[in-house]
Amino acid sequence: MEPRTTARVSLTALLGTPVTDSAGHLRGRLKDIAVATGPDAGKVAGLVLKTRTGLCIVPSQEVMETPAGTLELRSSGALVPLKDEGNYLYLQQDLVDRQIIDVKGRKVVRVNDVDLEWMGHGSAHLLRVAEVEVGLRGAMRRVFKGVLPRATLEAITRRFAANGIPWAFVDVIEVDPARRVKLRIEYERLAEMHPSDLAEILEDLPPAEREAVFTSLDEEVAAETLEEVDPKLQKALLEKLDEEKIADIVEEMDPGAAADLLAELSEEQSDAILEEMEPEERQEVEELLEFDERSAAGCMTTDFVYVGEEATVGQAVEALKTFDGDPESVTEVYLLDDKRVLRGAVSLARMVMAQPDAPLSVLAEPRVLWCAAEMHQNELAEMFDKYNLHALPVVDKELRMVGVVQADHVISFLREKL
């Protein structure tokens, strides 16, 4: 078996290359390269040639590179007229100079060039996409192509460090002639990102592409991402969605974040969204909307884990298992009496070290810190700083626990003041 060999070439260098038949007659010049999407993403489906009769496409396996640097057709009948059925991604038309999502780097970048590889095995020569070039090397190739000889240009650009993204880590956003926007590769890889990274990506995208990415996410991921963006961008992301879809997303949000979001919308739109929400989630959010947004109650969440004051560690673990909120936000389990008055708090670290039948009251902190629902955010920030808190219970005038302020809410408030 002959060894497999590879030879890398840039899209910029290939474009315009003469394509001849086996007899040396010119059949056209390379206009673009069509790449498959879906399960075969990244596989070169065909080469688009500009001929005397118009655009034609030829399967990549019917083209080979010659020692002279031209392209040669294996079969004279391989050329067929190009009919754009929307099944391909065209590298020059759809990718070069466009913004893409670097899934591995978790950022938005602009494509300057595309690197391809000739995969040689015996008599077969196949072309595949290796990576996209987002650095200065690709930009130099494009700027000076036709100005400098190909060999000279390649020698100069090799002096610049390559800055490429492997094709496997690229999510491409395509805008078709009807201005509809969609992702061309895999949506699932976006859902694996941290919501903060997704939020930064959305902030860097133009409106149409931003809408495409956001609407591709499921409700849970969309809700987590929405909590990380600023209010203006929140409104922009939601403006093209109907109230039912928005309600599905808002129901997945932290109640406090959901209340903050609805407070930024018009009363008419806010009421319409609340009307579409499930009764339990709607009631939680409506109660939070009644509070001053600058108070402790205005920035608290009503999602917290609590048990009776006589509960054991085992019972607290069961409460954690059935908790519907964000488990990563839980740092303590709270002990409430039958009137929901706060009687104690136990850190998760203490629970881990205890036996399942150990009473939580024995493990509880001797003194529980809390704040009144009306406490202003400035005082709240001072309290978090003084006691180095991760979370703080919020109580009403009867000392009944109504929510928890998380440290990230305080950090967001302080950043807004800077």
Binned at 5 Å from zero, the C-alpha pair distances of the stretch 337-391 give percents of 4, 15, 21, 20, 18, 13, 7, 2, 0
For the stretch 269-331, the percent of accessible surface on carbon and sulfur atoms (probe 1.4 angstrom, ligands and nucleic acids excluded) is 41
Describe numerically, in nm with one decimal, the distance between label points set 7 Å from Cα along Cα→Cβ at LYS83 and at ARG8. 3.8
Considering the zone a paramagnetic label at ALA263 would reach in this model (a point 7 Å from Cα along the Cα-to-Cβ line), which residues of the stretch 377-418 have amide N under 12 Å from it? 377, 413
Can you compute the modelled spin-label distance between ASP271 and ALA381, with each label point 7 Å from Cα toward Cβ, in nm? 3.5
Output the 0 to 90 degree angle, nearest 10, between the alpha-carbon long axis of helix 255-264 and the longest principal axis computed from the alpha carbons of the chain. 70
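Ignoring everything except DSSP H segments at least 4 long, calculate the 222 nm mean residue ellipticity for the chain; use -39,500 (n - 2.57) per segment, divide by total residues, nearest 500. Let's see the in-between values first.
On the way: 17 runs with 142 residues, N = 418.
-9500 deg cm²/dmol, from helical runs alone.
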In whole percent, what relative contact order does the stretch 296-368 give with Cα contacts below 8 Å and a gap of six or more residues? 35
Rg and Dmax of the stretch 316-418, using alpha carbons, in Å: what are they? 14.5, 48
Where is the GNM fluctuation largest for the chain (alpha-carbon springs, 10 angstrom cutoff): ARG343, ARG128, ARG367? ARG367
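Pulled fully out, how much extra length does the chain show between LYS417 and LYS245, if you take 0.36 nm times their separation in residues and subtract their Cα-Cα distance? Walk me through the numbers before you get to the answer.
Numbers: separation 172, 0.36 × 172 = 61.92 nm, distance 3.29 nm.
Value of the extension gain: 58.6 nm.
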What list of ³J(HN,Hα) couplings, whole Hz, do you get for the stretch 161-166 from phi and the Karplus terms 6.51, -1.76, 1.60, once you set θ to phi - 60° and write x for glycine and proline? 5, 5, 9, x, 10, x
Given N residues in the chain, what is Rg(Cα) / (2.2 N^0.38 Å)? 1.36
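State the antiparallel share, in %, of DSSP beta bridges confined to the chain, rounding to the nearest 5. Kindly include the intermediate steps, with their values, before the conclusion.
Working: 66 of 74 bridges.
About 90 percent, rounded to the nearest 5.
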Could you report the stretch 193-322's accessible area per residue, 1.4 Å probe, as an integer in Å²? 50
For the chain, take the longest principal axis of its alpha carbons; what is the angle in degrees between that and the long axis of helix 377-387, to the nearest 10 within 0 to 90? 90
Helix 407-417 sits at what angle to the longest principal axis of the chain, using alpha carbons and giving 0 to 90 degrees rounded to 10? 70
Antiparallel bridges, percent of DSSP beta bridges restricted to the stretch 245-403 (to nearest 5): 65
Excluding residues fewer than 8 places away in the same chain, name every one of the lysines whose C-alpha is closer than 18 Å to that of LYS417. LYS232
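The values are calculated or read from the model by the stated rules, or taken from the named source; none is laboratory data. Because the structure is a prediction, the values reported are computed rather than measured. Note: ideal-geometry Cβ built from the backbone for every residue, glycine included; neighbour counts use all protein chains shown. Heavy atoms of the whole protein, side chains included, go into the accessibility calculation; ligands, DNA and RNA do not. Shrake-Rupley method; radii C 1.70, N 1.55, O 1.52, S 1.80 Å.
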